[in-house]
Structures are given as C-alpha cells and as structure tokens.
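First comes the structure, then the notes that go with it.
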Amino acid sequence: MRFEESVLTLRVRPNDLDSLGHVNNATALEYLEAGRWAWMERNALRKVAQVVALTLRIEVDYRKEISPQEVVVHTRLEFPHEEELRDPEELHYRVRFHQQILIDAGTRLAVEARVQAAFVHAQSRSLCSLQEFLEASRVSPP
Amino acid sequence: MADVGELKDFICQKFCENVGLNAEELFGADLTLAEVIARSDRMTNSVDLMEAFAKSSNALRKQYAIRVRLPALSLDTPISQVVDLFVRECQQGRPV
C-alpha cells in the first residue's frame with residue numbers, strides 16, 4: 001500500500017487576515033485541514049458516515065508570516081511508514097501527517113506541522129483501525 | 001501451537017514493552033486501563049493504549065501465526081482481563 005503526497009493551492013481570503021494584515025494562526029490550521037482533505041482525495045479516499053477520522057494532536061511551527069497571496073499546502077503520510085503498510089495484516093490505530101504551507105509561489109516555508117489522527121466508528125464511538133477506515137473510505141473504481 | 005502458559009508470558013511481556021511499565025507495576029496491582037494511561041509516560045489517551053495492544057497483537061501474529069481481534073474495552077477494564085481475553089482469542093485459534 002502506497003500513499004501519494006498531495007499538493008493543494010489556496011488563495012488567502014481577506015477575512016483570513018488579522019489586524020497586522022497577515023494570516024491568523026488559527027486560520028493556518030484550517031489550511032492544514034483543507035490539505036488533509038486534499039490528501040484523502042489524492043489517494044481516492046472519500047468521507048463516509050460510518051468511520052470518522054479524529055484529530056488527536058497538532059504540532060505547528062509558524063516560521064514566516066503569510067501575507068495575501070496563494071499558498072501551497074503539502075501533505076504526506078509520515079506514519080505508518082511505507083514498509084509497515086506493506087503488511088496488510090499489521091494493525092494501526094493512529095496516523096501522522098507531515099504538512100507544510102509554502103508561500104511565494106511555493107518557494108518559502110511558512111508553516112510546518114505534524115498532525116496525528118485516529119479513527120472511530122460513528123455509531124458506537126469505539127476506536128477502529130486504519131485498515132477499517134481505509135476499507136470504508138476507499139473509492140471503488142468505476 | 002504454543003501452550004497457554006507460554007502464550008500468556010509472551011502477551012504479558014509484550015504488554016509491558018508496549019505500554020512502558022514493568023511487570024510488577026502493570027500486573028502487581030492489576031491496573032485498570034485508565035490507571036495504565038495515567039502511570040505510563042508513553043500514554044496520553046486510549047488511542048495510545050489501542051496502539052500498544054495492536055503492537056502486541058502484531059507480535060503474536062509474527063511469533064505464533066495467531067490472529068487476535070481487538071475488541072472495544074472500557075477504561076475500567078483491569079489489565080488481567082485484557083490478558084485473559086488475548087489468551088482466549090489465541091485458544092480459539094484464528095490462524096493467519
């Protein structure tokens with residue numbers, strides 16, 4: 001099993017800016033979330049009602065201010081590692097994404113984050129594995 | 001298949017390794033899962049706990065070719081009950 005990195009371009013909206021004229025820190029978290037949805041789409045995974053992904057932890061380094069412009073959000077799965085995913089029987093209950101928000105036409109790093117997520121059955125609220133999430137979310141080929 | 005005693009020892013050893021507590025701390029007082037999370041430096045929440053059980057399950061599969069299903073467990077479940085549950089699953093013998 002292999003997952004591709006996603007690249008999402010977003011335009012900063014006027015209402016994303018704080019009184020200093022740069023993107024509010026909390027809004028950067030919205031960009032990161034949009035990046036994770038783009039990662040799902042890039043890897044042919046869709047949002048389903050039965051199994052839900054929950055954010056467990058976000059570590060963010062704000063490196064540069066973001067002024068009004070286009071930003072590029074890079075998202076890749078950092079854990080489990082590719083070799084761990086090769087074994088379809090190996091259970092995992094957590095994933096970790098490495099995300100970056102780039103500015104100046106994708107040339108400068110503005111935000112770097114590591115985001116952990118877990119999965120629950122929507123109805124029972126019990127934890128479920130990455131495998132169950134993937135099984136429920138995978139888009140069937142037409 | 002390995003005998004029950006050997007399997008139980010293996011499961012206990014893997015639980016200790018994966019939750020980061022020694023056998024005396026973990027099984028001496030028969031900690032509940034909530035207490036395991038509170039006492040272990042590696043644990044923050046129930047996802048950490050499930051990851052630890054998943055690693056133990058993966059180790060069982062690699063060592064003994066036995067597949068263990070992980071049920072939903074409430075946080076007041078004592079660790080001895082989780083060990084028994086793993087052993088029962090092994091005895092039911094779901095080969096890989």
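The values are calculated or read from the model by the stated rules, or taken from the named source; none is laboratory data. Everything quoted here is computed from the prediction, not taken from an experiment. Don't worry about glycine lacking a Cβ; one is built from the backbone with ideal geometry, like all the others, and counts go over all protein chains shown. For accessibility, only protein heavy atoms count, side chains too; no ligands or nucleic acids. Shrake-Rupley method; radii C 1.70, N 1.55, O 1.52, S 1.80 Å.
Using a 1.4 angstrom probe on heavy atoms only, work out the carbon and sulfur share of the accessible area of the range A:72-118 in %. Show your work: numbers first, answer last.
Values: 850 of 1880 Å².
Carbon and sulfur together cover 45 percent of it.
Partner chain Cβ atoms within 10 Å, averaged over the residues of A:99-107 - can you pull that number for me? Write down the numbers at each step before the final one.
Details: counts 0, 0, 0, 0, 0, 0, 0, 0, 0.
Partner Cβ neighbours, averaged per residue: 0.
Give me the net charge for the shell around B:R42: Cβ to Cβ below 11 angstrom, other residues only, Lys and Arg +1, Asp and Glu -1. Present the calculation step by step, with values, prior to reporting the outcome.
Values: positive: B:R39; negative: B:E17, B:D41, B:D48, B:E51.
Spelling it out: positives minus negatives among the neighbours equals -3.
Tell me, what is a quarter of the convex hull surface for the C-alpha atoms of the protein assembly as shown, in nm² with one decimal? Present the calculation step by step, with values, prior to reporting the outcome.
Details: hull surface 63.1 nm².
The number I arrive at for the protein assembly as shown is 15.8 nm².
On alpha-carbon atoms, Rg over Rh for the range A:62-110 using Kirkwood Rh?
Details: Rg = 15.4 Å, Rh = 12.9 Å.
Reported Rg/Rh (Cα atoms, Kirkwood Rh): 1.20.
For B:C12, A:C128, give me the order by solvent-accessible area with a 1.4 Å probe, most accessible first, ignoring ligands, DNA and RNA.
Numbers: B:C12 30, A:C128 0 Å².
Correct descending sequence by accessible area is B:C12, A:C128.
Taking the Cα centre of the range A:6-137 as origin and charging only Cβ (+1 Lys, Arg; -1 Asp, Glu), how large is the dipole, in debye to the nearest 20?
The calculated dipole for the range A:6-137 is roughly 340 debye.
What number comes out for the charge environment of B:E25, summing +1 per Lys or Arg and -1 per Asp or Glu over other residues with Cβ under 12 Å away? Let's see the in-between values first.
Values: positive: B:R39; negative: B:E24, B:D30, B:E35, B:D41.
My count for the surroundings of B:E25 gives -3.
Suppose every K and R has +1 on its Cβ and every D and E has -1 on its Cβ; what is the size of the dipole of the protein assembly as shown about the Cα centre, in Debye to the nearest 20? Show your work: numbers first, answer last.
Numbers: 29 positive and 36 negative charges, 140 e Å.
My answer is approximately 680 debye.
Could you work out the relative contact order of chain B? I mean the mean sequence separation of Cα pairs under 8 Å and 6+ apart, divided by the number of residues, in percent. Could you put the intermediate results ahead of the total?
On the way: 100 pairs, mean separation 32.0, N = 96.
Over chain B, the number comes to 33 percent.
Under a point spin-label approximation (7 Å from Cα along Cα-to-Cβ), what is the A:Q123-B:D9 distance to one decimal in nm?
Result: 4.4 nm between the two label points.
Net charge near A:E70, counting Lys/Arg +1 and Asp/Glu -1 over other residues with Cβ under 10 Å of its Cβ? Numbers along the way, then the final one.
Working: positive: A:R11; negative: A:D104.
With Lys, Arg at +1 and Asp, Glu at -1, the neighbours total 0.
Over the Cα atoms of the range A:6-137, each weighted equally, I'd like the Debye log10 I(q)/I(0) at q = 0.18 Å⁻¹, rounded to two decimals.
-0.98
Any idea which of A:L10, A:G21, A:Q69 is furthest toward the positive side of the dipole for the range A:6-137, if Lys and Arg beta-carbons carry +1 and Asp and Glu beta-carbons -1?
Ranked along the dipole, the leading option is A:G21.
Please provide three numbers in whole Å: the alpha-carbon extents of chain B along the principal axes, with the largest listed first.
The Cα atoms of chain B stretch 35, 23, 19 Å along their principal axes.
First measure r as the distance between the Cβ atoms of B:Q92 and A:R96, then evaluate 1/(1 + (r/R0)^6) with R0 = 45 Å and state the FRET efficiency to the nearest 0.05.
Numbers: r = 33 Å, r/R0 = 0.74.
Once rounded, the FRET efficiency stands at 0.85.
May I ask you to derive the relative contact order of chain A, considering only C-alpha pairs under 8 Å and at least 6 residues apart, and to give it as an integer percent?
Values: 288 pairs, mean separation 43.1, N = 142.
Value for chain A: 30 percent.
With only Lys, Arg, Asp and Glu charged, each at its Cβ (+1 for the first two, -1 for the last two), find how big the charge dipole of chain B is about the Cα centre; round to the nearest 20 debye.
Using only the charged Cβ atoms, the result is roughly 560 debye.
In the full protein assembly as shown, how much of A:T55 is accessible to a 1.4 Å probe, in Å² to the nearest 10?
Here the residue's solvent-accessible area equals roughly 80 Å².
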